[in-house]
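> One structure coming up, written as structure tokens, with questions to follow.
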Amino acid sequence: MQHFSKQLRTRLLTLYLSAGLVMGWLPGCGSQDLEIADTVAESAVTATADATDVITFSQPEGPEESTVYVEPVDGISDDFYRGMDVSAVLALENSGVKYYNFDGEEQDVFMTLAQAGVNYIRLRVWNDPYDENGNGYGGGNNDVATAITLGQRATKYGMKVCIDFHYSDFWADPKKQFVPKAWEGMDIEEKSDALYNFTLENLTQILDAGVDVGMVQVGNEINNGMCGETDASNVRKLLASGSKAVRDAATASGKDILVAVHYTNIDDMKKLDTLLTGLQVKEIDYDIVGLSFYPYWHGTMDDLKNAIIHVRDTYGKKVYVAENAYCYTSEDGDGSANSINGTDDLAEGYSASVQGQANEVRDVCAAASEAGAEGIFYWEGTWIPVGPADADNSAIWEKYGSGWASSYAGGYDPKDAGQYYGGSSWDNQAMFDFTGHPLASLNIFKYLKYGATAPPAIDTIPEIVVSCTIGAEVKLPDTVSIIYNDRSEEQVPVTWDAEDIAAIDTENGGEFTVAGSLDEGTEVTAIVTVERINYVQNPGFEDADTSMWTVTYSGETNPTDYQVKAADAHSGEVAFHFWSGTSDMDFSIEQSFTDLEPGTYELSAFSQGGDLAADASMELYAVVDGKELTVPFMLTTYADWQNPTVSGIKVTDGSLTIGVRYQCNKNSWGTLDDVTLHRVGN
């Protein structure tokens with residue numbers, strides 16, 4: 001702890017000296033402070049230039065015209081948290097990212113957020129997100145010095161700040177709660193003291209720097225533990241120490257600061273009740289419960305509303321939505337895979353569009369307000385791409401920590417960051433486009449009370465999917481559903497392309513695309529699937545019974561397993577996973593058949609992975625009548641799914657063996673999923 005404090009003080013001293021040398025400087029602003037009076041006047045804002053130079057912005061007094069339609073939220077309070085987590089901003093700006101206002105002019109992103117109605121900023125804090133050589137772990141390199149810099153900018157524009165102490169040197173969430181390096185080997189008493197001292201010292205420094213802290217999270221998504229502790233009584237001891245430190249810092253500074261505990265997975269309220277009951281029984285001192293809510297993971301708006309009401313009524317605590325986000329596009333801005341694709345993983349009722357994003361945030365705010373919550377925080381709405389999608393941006397991500405993780409984090413988090421480090425997985429859920437210009441959906445925060453009108457426009461056309469079995473007649477719909485920006489829906493006649501229809505092969509099956517057009521010219525497409533039978537048993541490894549698969553490997557250690565991790569699966573939640581560790585590996589996985597109908601078959605599979613040497617080899621194979629048919633392939637990087645296919649497999653006696661073999665170097669990794677075997681002809 002003593003070593004860490006000295007290191008921290010050195011970084012803070014550097015920060016303060018830099019601030020003193022450049023009077024009035026704000027990262028990303030250039031000479032903007034010299035023009036701020038003009039900017040304020042042009043924006044028709046109410047500015048307060050007192051001793052603290054806090055600048056506030058007037059909000060609408062009625063519905064406004066926009067390019068997104070927003071239904072007002074009845075009864076929403078002016079004090080409702082219209083929050084935004086912007087923890088990665090400084091790392092992005094250091095990487096060369098620029099942010100703009102709604103007029104297309106470069107502007108401090110905090111000013112743009114305040115103009116859009118954001119009134120609260122959330123900032124994560126890691127203890128020491130650097131390796132022994134001072135290289136940052138990435139994800140924003142969010143140490144205390146970064147929180148001070150960003151917190152001062154938020155305070156300048158009249159926004160309160162929530163400090164989110166993870167009590168880890170890198171990401172803390174339900175799957176991992178790593179102890180900070182400086183606290184390794186401590187018993188629970190020592191760790192509690194260290195946590196108290198860390199919280200008190202650093203929160204005091206943040207407050208002394210003039211940051212308007214209104215709330216402090218003691219831990220981040222602590223459903224399954226905190227700071228390396230999984231025992232519930234030990235976690236409560238840590239929470240008590242953190243809470244006391246916040247109370248002591250607040251008293252010393254004369255500020256009223258809420259103490260927050262933060263959980264996720266509202267879809268498992270039984271577990272949350274157990275945790276919150278434990279806090280109640282042991283009389284842990286805190287004020288407010290934060291709940292993460294992402295509709296593509298955690299349920300419906302009614303589920304959110306019910307969870308908030310339950311926590312408020314049962315435990316008598318305030319509640320807020322600590323994290324929420326939604327995609328506005330299915331595109332990837334930096335060539336590093338996104339957490340949400342924006343295609344087959346959308347939440348029901350919300351399109352991957354700017355209007356869809358605005359609708360989702362509006363509905364979360366409405367659910368939270370109606371349930372009596374204090375407000376919401378949108379997570380990392382400013383985390384846009386660093387570098388174009390068709391370039392290798394890894395060097396700049398590594399240097400400035402602007403990707404979700406750098407390779408330097410591998411020593412601290414070897415199984416996740418160490419294997420999958422890269423750029424932003426969130427750029428399609430930001431509220432700025434890939435070039436730093438604010439989306440119309442960002443203004444949702446100032447539209448909540450009175451709403452916004454917009455000219456009628458098509459928001460989305462729900463996916464048109466038609467399926468039939470081999471030999472059946474394909475029937476395409478005469479009309480398609482159109483959803484407009486005000487969420488109204490209409491059935492509109494459609495004309496389908498005759499040549500595309502004629503090309504559908506109902507004898508052999510497959511997937512076909514049919515083009516169509518509406519009367520006013522809008523083009524649509526239908527995906528027609530003539531379903532083939534997949535003869536592979538447990539093709540996606542989702543069933544616990546994997547006895548139909550045979551895995552063989554050289555060496556004493558099996559480098560494979562069936563991994564439950566949706567992010568690494570091509571579909572579903574499970575995939576066949578491999579990681580070589582410190583030695584080379586040579587293994588195969590196969591399945592045999594004895595009763596196939598004679599005919600011609602086609603075999604395919606999906607595989608992804610990385611860190612492979614040039615001499616690594618992979619093969620998809622089929623063994624029939626004593627002959628082996630193979631197709632080689634090579635894995636490139638995370639989420640770049642290869643789809644090798646073996647065609648022309650002639651089965652005569654019903655017998656066939658299929659499989660995939662890998663010969664890989666040490667430290668390589670990957671997954672296999674969705675193996676298919678289709679009969680495609682006689």
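> Just checking, which of 104, 139 is part of a loop (DSSP other than H, G, I, E, B) and touching a Pro at 6+ places or on another chain (Cβ under 8 Å)?
139
> Just give me the residues in the range 92-101 being open to solvent by 10 Å² or more (accessible area, probe 1.4 Å) and part of a helix (DSSP H, G or I), in sequence order. Walk me through how you get there before you give the answer.
Taking the range 92-101 as the starting set, the residues that turn out to be open to solvent by 10 Å² or more (accessible area, probe 1.4 Å) are 93-98, 100-101.
Those that are open to solvent by 10 Å² or more (accessible area, probe 1.4 Å) and part of a helix (DSSP H, G or I): 93, 94.
> Which number in (1) surrounded by 13 or more Cβ atoms within 10 Å (Cβ to Cβ); (2) more than 30 Å from residue 556 (Cβ to Cβ); (3) touching a residue at least 40 places away in the same chain (Cβ under 8 Å) marks the one condition that residue 645 misses?
Every listed condition holds for residue 645 apart from (1).
> Taking residue 597 as the residue in question, decide whether it is open to solvent by 80 Å² or more (accessible area, probe 1.4 Å) and under 19 Å from residue 622 (Cα atoms). Quick ask: steps written out before the conclusion?
Working: open to solvent by 80 Å² or more (accessible area, probe 1.4 Å): yes; under 19 Å from residue 622 (Cα atoms): yes.
Against the criterion (open to solvent by 80 Å² or more (accessible area, probe 1.4 Å) and under 19 Å from residue 622 (Cα atoms)), residue 597 qualifies.
> Next up: Do you know which of the residues in the range 142-174 that are in a strand (DSSP E or B) and in contact with a Ser or Thr (Cβ under 7 Å, 6 or more places away or on another chain) is farthest from residue 222 (Cα to Cα)? Steps first, please.
Within the range 142-174, the first condition is being in a strand (DSSP E or B), and the residues that meet it are 160-165, 173.
When the remaining residues are screened for being in contact with a Ser or Thr (Cβ under 7 Å, 6 or more places away or on another chain), the result is 161, 165.
Details: 161: 21, 165: 11 Å.
Across the range 142-174, the extreme among qualifying residues is 161.
> Now for a separate question. Within the set of pairs 6 or more residues apart or between chains, which connect a residue that is closer than 19 Å to residue 82 by Cα inside the range 305-328 to a residue that is in a strand (DSSP E or B) and open to solvent by 20 Å² or more (accessible area, probe 1.4 Å) with Cβ atoms less than 7 Å apart?
Here the result reads 320/81, each pair linking the range 305-328 to a residue that is in a strand (DSSP E or B) and open to solvent by 20 Å² or more (accessible area, probe 1.4 Å).
> Scan (1) of a type in the set (Val, Ile, Thr); (2) farther than 28 Å from residue 648 by Cβ; (3) modelled with pLDDT of 95 or more for the single condition residue 513 breaks and write down its number.
(2)
> Looking at 509, 436, can you tell me which residue is small (Gly, Ala, Ser), over 21 Å from residue 352 (Cα atoms), touching a strand residue (DSSP E or B) at 6+ places or on another chain (Cβ under 7 Å) and touching a residue at least 24 places away in the same chain (Cβ under 8 Å)?
509
> Next question. Any residue at all in the range 585-595 that's in a loop (DSSP other than H, G, I, E, B), closer than 13 Å to residue 670 by Cα and modelled with pLDDT of 95 or more?
Taking the range 585-595 and keeping what is in a loop (DSSP other than H, G, I, E, B), we get 594-595.
So of that shortlist, the ones also closer than 13 Å to residue 670 by Cα come out as none.
No, the range 585-595 contains no residue that is in a loop (DSSP other than H, G, I, E, B), closer than 13 Å to residue 670 by Cα and modelled with pLDDT of 95 or more.
> With respect to residue 674, is the statement that it is touching a Pro at 6+ places or on another chain (Cβ under 8 Å) and of a type in the set (Asp, Glu) true? Can you show your working first?
Working: touching a Pro at 6+ places or on another chain (Cβ under 8 Å): yes; of a type in the set (Asp, Glu): yes.
The answer is yes for residue 674.
> Which condition does residue 176 not pass, out of (1) among the basic types (Lys, Arg); (2) over 27 Å from residue 399 (Cβ atoms); (3) within 19 Å of the chain's Cα centre (by Cα), if it passes all the others?
Failed condition: (2).
> Can you name every residue in the range 282-302 that is under 20 Å from the mean Cα position of the chain (by Cα) and of a type outside the set (Gly, Ala, Ser)?
291, 293, 294, 295, 296, 297, 298, 300, 301
> Would you mind telling me which numbered condition in (1) in contact with a Phe, Trp or Tyr (Cβ under 8 Å, 6 or more places away or on another chain); (2) of a type in the set (S, T, N, Q); (3) farther than 26 Å from residue 458 by Cα residue 393 fails?
(1)
> Of all the residues that make up the range 651-677, how many are open to solvent by 40 Å² or more (accessible area, probe 1.4 Å), in contact with a Phe, Trp or Tyr (Cβ under 8 Å, 6 or more places away or on another chain) and outside any loop (DSSP other than H, G, I, E, B)?
Number satisfying all stated conditions: 1.
> Further question on the same structure: Report, by residue number, each residue of the range 453-483 that is under 28 Å from the mean Cα position of the chain (by Cα), open to solvent by less than 60 Å² (accessible area, probe 1.4 Å) and in contact (Cβ under 8 Å) with a residue 40 or more places away in the chain.
Selection gives 459, 460, 461, 464, 483.
Table: residues versus (1) open to solvent by 10 Å² or more (accessible area, probe 1.4 Å); (2) under 23 Å from residue 169 (Cβ atoms).
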residue	(1), (2)
204	yes, yes
210	yes, no
216	no, yes
228	yes, yes
231	yes, yes
245	no, yes
249	no, yes
253	yes, no
260	no, yes
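> When residue 124 is evaluated against the numbered criteria (1) in a strand (DSSP E or B); (2) open to solvent by 10 Å² or more (accessible area, probe 1.4 Å); (3) charged (D, E, K, R), which criterion, by number, is the only one it fails?
(2)
> Only one of these is in contact with a helix residue (DSSP H, G or I) (Cβ under 7 Å, 6 or more places away or on another chain) and among the hydroxyl-bearing types (Ser, Thr, Tyr): 241, 233. Name it.
Unique residue meeting the criteria: 241.
> Give the range 233-243 a look and list any residue that's open to solvent by 10 Å² or more (accessible area, probe 1.4 Å) and over 11 Å from residue 193 (Cα atoms), or say none.
233, 234, 235, 236, listed by residue number.
> Only one of 333, 316 is of a type in the set (Gly, Ala, Ser) and surrounded by 19 or more Cβ atoms within 10 Å (Cβ to Cβ); which?
Only one candidate qualifies: 333.
> Oh, and also: Tell me, which residue of the range 393-437 that is at pLDDT 95 or above and among the acidic types (Asp, Glu) is surrounded by the fewest Cβ atoms within 10 Å (Cβ to Cβ)?
Looking at the filtered set, the residue picked out is 433.
> Restricting to the range 501-511, give me the number of residues that are out of contact with any Asp or Glu (no Cβ under 9 Å at 6 or more places or on another chain) and open to solvent by 40 Å² or more (accessible area, probe 1.4 Å).
Qualifying residue count for the region: 7.
> Out of the residues in the range 512-566 that are surrounded by fewer than 18 Cβ atoms within 10 Å (Cβ to Cβ) and in contact with a helix residue (DSSP H, G or I) (Cβ under 8 Å, 6 or more places away or on another chain), state the one that is nearest to residue 588 (Cα to Cα).
Across the range 512-566, the extreme among qualifying residues is 513.
The values are calculated or read from the model by the stated rules, or taken from the named source; none is laboratory data. These figures come from a predicted structure and were not determined experimentally. Every residue, glycine as well, gets a Cβ built from its backbone with ideal geometry; the counts of neighbours run over all protein chains shown. The protein model used for the area step is the full one, side chains on, heavy atoms only, and it has no ligands, DNA or RNA in it. Shrake-Rupley method; radii C 1.70, N 1.55, O 1.52, S 1.80 Å.
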